[in-house]
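Read through the structure below, which is laid out as structure tokens, and then see the notes.
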Amino acid sequence: MDDSDSSHTQRPHGAGPTTGRSARRLFLRVAMAGGLVAGYGTLGVMAGRFLYSNGQPSRRWQFVTTIDALAVGDAILYEAPNGAKLIIARQKEGETDDCFAALSSICPHLGCLVHWEPQNERFFCPCHNGIFDKGGKAISGPPAAAGQQLTRFPVKVDRGRLFVLAPVESLLELNVACRSHTTCRLAGHFRARAGEPRRAEV
Amino acid sequence: MSLRTKQLLIAILGFGFLASLIVVQWAEVTRRRIEAGVAVRKVKAPASSRACVECHRQVSPGVVDHWEGSTHALKGVGCVECHHADTGDADAFEHYGATIATIVTPKDCSRCHRREAEEFMHSHHAKGGNILASLDNFLAETVEGARAPFDPHSPTPGMTVDSVNGMASVNVGCKQCHGSKVALRAKEGNLITVDDLKPGPDGKPTVREVLDRIERDASGRPILDPSSWPNTGIGRINLDGSLGSCSACHSRHDFSPRRARQPENCGKCHLGPDHPQKEIYEESKHGVAYRDLREQMNLDGETWVLGEDYSQAPTCATCHMSANTRNGRQVTHDPGIRISWTNRPPVSLLMDTDADGNVVKTSDPEERRRLVVDTWRQKRDRMKQVCLHCHTEPYVNAFYQQYDDFVINYNEKFAKPGQQIMSALRQAGLLTPEEFDEEIEWTWFYLWHHEGRRARHGASMMAPDYAHWHGMYEVAERFYMELIPQAEELVHRAEAAGRTEAAQAVRQVIESILSRPEHQWFRKAHDRQAVVAPPAMQR
Amino acid sequence: MAASRTGWKNRLAAWWAERVPVSGVQLRELTNEPVPNHLKKWWFALGGTPAYLFLIQVFTGILLAFYYQPSPLTAYESVAYITRHAEYGWYFRSLHKWGATFMIAAVILHQMRVYFTGAYRRPRELNWVIGMCLLLCTLLLGFTGYSLVYEQLSYWGAQVAANLSEAVPLAGSVLKHLLLGGPEYNERTLARFYVIHAAVLPVTLILLLAIHIAFVRLHGVTELRFEDEEQTEPRYYNFFPDHLYTELCIGLVLMILLSALATIFPAVMGPKANPLETPEVIKPEWFFYVVFRWLKLFSLTTAIVSAGFIVAAMFLWPWIDALLIRLTGNREISTYIGVVATILLTGMTIYEALVEH
């Protein structure tokens, strides 16, 4: 930090012929750039890891049943790991994915639980006579008037076993938890939550 | 300073920065190790409790030492936070400037752990204190001791004994698991309990005049009656009206979740001749795996989610209470919500429970539909979600088939018939109304309360020896070799005394039971034996 | 091959030059402010330090904002998530916290340097006023920052601040209502603090900083000569790259220092805010110790009004100073006052730090 060095007025570039001096100069510039990149680059990588978020994915493929345990026209109630209730129905003959439907059993109207009526091939909500076709589309009652439908979950059949991409944790669950517990902490995991307690999309 | 020196300096500092970031990464790894429970941090007492800690470190270092190892200490929850009381509380007293109470109740814990307390309140555990007038209590109060104090009959050298406390067995034997009704001593010598204080929803007594009757020691501290304290029974009936004791499982003063996760913790009560769950577990594959692998089970983890934090073996908590990946990582403090049979009564019942959590006993289907809010199937499905972390669905279903078959066989072959015989005897007036004053009453109690439960619990948790040798084998022996002969003898005696009608009624019940196909083998041998010796002399 | 590559390069350069008509040479001219030689003494480079720290605060602040949720239901939990669960979350949060401490310290040191060298004097009075605004911005950032964590200190600090603003004559209750988004601390208050902390103040600070730097460029940096310097020394040297290198070195040293502090003394979670219980010992961050002590010395209104006068005097200091010099004829008068003020401020800070109440 002393000012006795007189070379400070020289501009750093304008290097002469390739000499040991300019090689040293090049080395210094590379070392400087390397040092900066090493330091700030690592910081950037750490920031990336921070942002990547190590939370759990909120949906996972969950095993439901073996398909021979579910007769054509039948439906079963399946409780997802987060407590959401799904209706899993086998709607037509065959063993492909589109023979099965997984629908939220929560009526989009006011949240009652709908059930599958095999004889009528429809879902029925007993609260306000809401009726949904086998694809989950509302065809009668208040939900039809509002053009609503039951939330659908992807299903897949793999070697005779039926899987559903079901929510493992959800805002719905969180909202329920928040309503009764001010801390909103669930099993030590922090989960995102927005605004007032209200029904969230599953 | 020249530009080149600066460049060199920047290069050195840049790599120095990298080095410091490596230290940061090392710290991150350490943090994860602490999170995984490999290391523990040192704590500082919160300001509110610094004085308590300083004094108690000398007078009772064990308490402070335990607390320092707790998560409470890490998070700044000190002594006053839990022991805090208001001057209006029955058991409140001044202690070096702080108003505190000795007993910390679930209501106190619920100030922070509200959800846990609510779940616990709903559980059968919380109702453990309501054992007055039950069979077990009668045994301890009357058969083992005496309800009223009685005089000693000879001196105890070295000690003056004026009176014998007949409730000693209840206090030590029953209440330490089931929980006492916490009692303060009144000035006039009797006891003050929650019944006298009639606390409101906030736990404050509504009958204020009782507070003046509380007897206090020289320092002004209310005197807790030794019949009710010390006590950490799970269903303790507290002065603020709350039920239970959190420290029954989360022992003070470290309140360790680690300990509550281990089966030894439950083994304080769930063991012995009548419900040896702890021994059954130890015999099972589950217990064996746990004993071997417990070091890898992340018992110190902040969370303890089966399938995420560990999956080496299940403990009691794993199946009945803890979080798992298939139930939304929810811990429950109601261990009943995953149990599908209750094997506590003489005849096992399916756990279709009503809004209060009580088993619905009626057989009328309409009534059942109206009352049942949580079915045994739902409970079993919850348990299956635990099983499925390690077992396949067909395996689990087949296990439950084995278990159901076992329970139903016990119910139908021994429990219901035994119950029928006992009630027939009672109806016919061949037994006194008093319990445990006749041999057959002990026999029947042994059959269902000890051996029958051992068998069923053994089957429920995969312990073959308990299911068979300690269980069904002894049930069968008790039934054929004691219960039936003793009942028959009562019938003979009644006949001899000329009470033909009563004797006939009971004989019919016994006959109808023994003529069933499952008892045929015994019936034949029985009849042959009867030819050799007259029934009255059989025993 | 080589020729075609050069052609390709030239085309790209031409494309670029057409769209961004600024040449590297021009850019360098633009930034290449002649730097007076005294800045070779490193302790005179303090003005750039807060700017660099501000960059760190923006960077770490944006990172933290990805996880932070400003609502009383979630604020504490989200900070706890950052601190305990997110990878390197504790590091970035600690960096932000220590960065704030350093930034405030750097701003104060910079201001002291400007004060004691008389750099605020004619014609630079207005820049001193802007500097004062920057100081207030920084302090407010510090205050709103720790209010966001929603621990006991955050809640009660905000509560105290709101009641302080209420004591301001005339505008008090309006001020409090504005600050809290209601007559009391409520569920909308945190969102308010958050927007002030993460949007209003930083933008204000950037705008003020731009004006501040523009003024510096327009006036040039105040020149100082030291008695031991050889008179043959050139009076100026280049901003680029010479002074830039200096700043880079300072930046790296700061990063190392901050990382070390973040690792050794990481930001922790205090107890969660409890509106029903004021903690036994409550203290603001160190940079408010002075104000805190001042409040304990006088009655509320006296303290507020006197503090208002002091701040006003600080704003108007260039003119007050000129007046004093005219009245006394002594150019060193500001130094004496400065020394006394510094001693008072440090004294009160240390006093507050040492006592419990």
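The values are calculated or read from the model by the stated rules, or taken from the named source; none is laboratory data. Note that this is a predicted model, so its numbers are computed, not measured. Methodologically, a virtual Cβ is constructed for each residue, glycine included, from the backbone with ideal geometry; neighbour enumeration extends over all protein chains shown. All accessible areas refer to the heavy atoms of the entire protein, side chains included, with ligands and DNA or RNA removed. Shrake-Rupley method; radii C 1.70, N 1.55, O 1.52, S 1.80 Å.
Worth pointing out:
- Region A:59-168: Rg to Rh, with Rh as the Kirkwood radius over Cα pairs: 0.96
- Euclidean distance of C-alpha centroids, region B:199-244 and region B:400-430, integer Å: 43
- Qualifying aspartates and glutamates (Cα of each under 15 Å from Cα of B:K175; at least 8 residues distant if same chain): B:D136, B:E141, B:E144, B:D225
- Under conditions of 4 °C and 1.567 mPa s, region C:158-220 yields 96 µm² s⁻¹ as its translational diffusion coefficient, taking Rh as the Kirkwood radius over Cα pairs in the Stokes-Einstein equation.
- For chain B, the per residue solvent-accessible surface stands at 50 Å², with DNA, RNA and ligands left out and a 1.4 Å probe.
- Cβ-Cβ FRET estimate between C:F116 and C:R326, R0 fixed at 25 Å, reported to 0.05: 0.80
- Relative contact order computed over region B:395-537 (Cα-Cα under 8 Å; 6+ residues apart), in percent: 25
- Cβ-Cβ distance of B:A218 and C:V174, R₀ of 45 Å, FRET efficiency by 1/(1 + (r/R0)^6): the value works out to about 0.20.
- The mean count of C-beta atoms from other chains within 10 Å of the C-beta of residues in A:79-87, rounded to a whole number, is 3.
- 5 Å binning of all Cα-Cα separations within region C:249-318, expressed as whole percents from 0 upward: 3, 11, 11, 13, 15, 12, 15, 14, 5, 0
- Other protein chain Cβ atoms within 10 Å, averaged over every residue that makes up A:20-28: 2
- Net lengthening on full extension, B:E439/B:K187 (0.36 nm per residue, minus Cα-Cα): 86.3 nm
- Peptides B:479-491, B:391-403 ranked from most to least packed by the mean count of surrounding Cβ atoms within 10 Å: B:479-491, B:391-403.
- Per residue of peptide C:254-264, the mean number of Cβ atoms on other chains within 10 Å of the residue Cβ is 5.
- Compactness of region B:60-188, taken as the C-alpha radius of gyration over 2.2 N^0.38 Å, stands at 1.40.
- Magnitude of the charge dipole, chain B, Cβ model with Lys/Arg +1 and Asp/Glu -1, debye to 20: 2200
- Put simply, chains C and A cover up around 3000 Å² of each other's accessible surface, both sides summed, when a 1.4 Å probe is used.
- With each label modelled as a point 7 angstrom along the Cα→C-beta vector, the C:N10-B:H391 pair spans 8.1 nm.
- For B:K6, the lysines whose Cα comes closer than 22 Å to its Cα, not counting residues fewer than 8 places off in the same chain, are C:K40, C:K41.
- Estimated FRET transfer efficiency (C:A191, C:V281; beta-carbon r; R0 41 Å; 0.05): 0.90
- Top of C:I196, C:I104, C:I343 by mean-square fluctuation, Gaussian network on chain C, Cα under 10 Å: C:I343
- Here the protein assembly as shown yields Rg over Rh of 1.08, to two decimals, using C-alpha coordinates and the Kirkwood radius.
- Under 24 Å from the Cα of C:K97 - lysines, other chains or at least 8 residues apart: B:K42, B:K44, B:K75, C:K272, C:K283
- For peptides B:323-336, B:234-247, C:321-334, B:11-24, sequence by mean Cβ density within 10 Å, most packed first: B:234-247, B:323-336, B:11-24, C:321-334
- For chain C, the orientation-averaged shadow of the C-alpha convex hull comes to 25.1 nm² (one quarter of the hull surface).
- Dimensionless Rg/Rh of chain B - Kirkwood Rh, Rg from C-alpha atoms: 1.08
- B:S227 sits among other residues whose Cβ lies under 13 Å from its own Cβ, and their net charge, with Lys and Arg +1 and Asp and Glu -1, is +3.
- Dipole magnitude for region C:286-357: computed about the Cα centre from +1 point charges on Lys and Arg Cβ and -1 point charges on Asp and Glu Cβ, it is near 140 debye.
- Based on Cα contacts under 8 Å between residues 6+ apart, chain B shows a relative contact order of 11 percent.
- Of the peptides C:70-77, C:292-299, C:18-25, C:89-96, the order by per-residue mean of other Cβ atoms within 10 Å, starting with the highest, comes out as C:89-96, C:70-77, C:292-299, C:18-25.
- Simple spin-label estimate for B:D356 and C:Y351 gives 6.6 nm between the two label positions (7 Å along the Cα-to-Cβ direction from each Cα).
- Violating pairs (Cα-Cα greater than 23 angstrom) within the set A:K85/B:K107; A:K85/B:K285; B:K384/B:K416; A:K85/A:K156: A:K85/B:K107; A:K85/B:K285; B:K384/B:K416
- As a fraction of the 1.4 Å probe accessible area of the protein assembly as shown, surface on carbon and sulfur atoms comes out at 61 percent.
- The interface between chain B and chain A buries about 3000 Å² of solvent-accessible area in total (1.4 Å probe, ligands and nucleic acids excluded).
- Based on Cα contacts under 8 Å between residues 6+ apart, region A:59-168 shows a relative contact order of 31 percent.
- Using a probe of 1.4 angstrom and keeping all protein chains present, the accessible surface of chain C works out to 52 square angstrom per residue.
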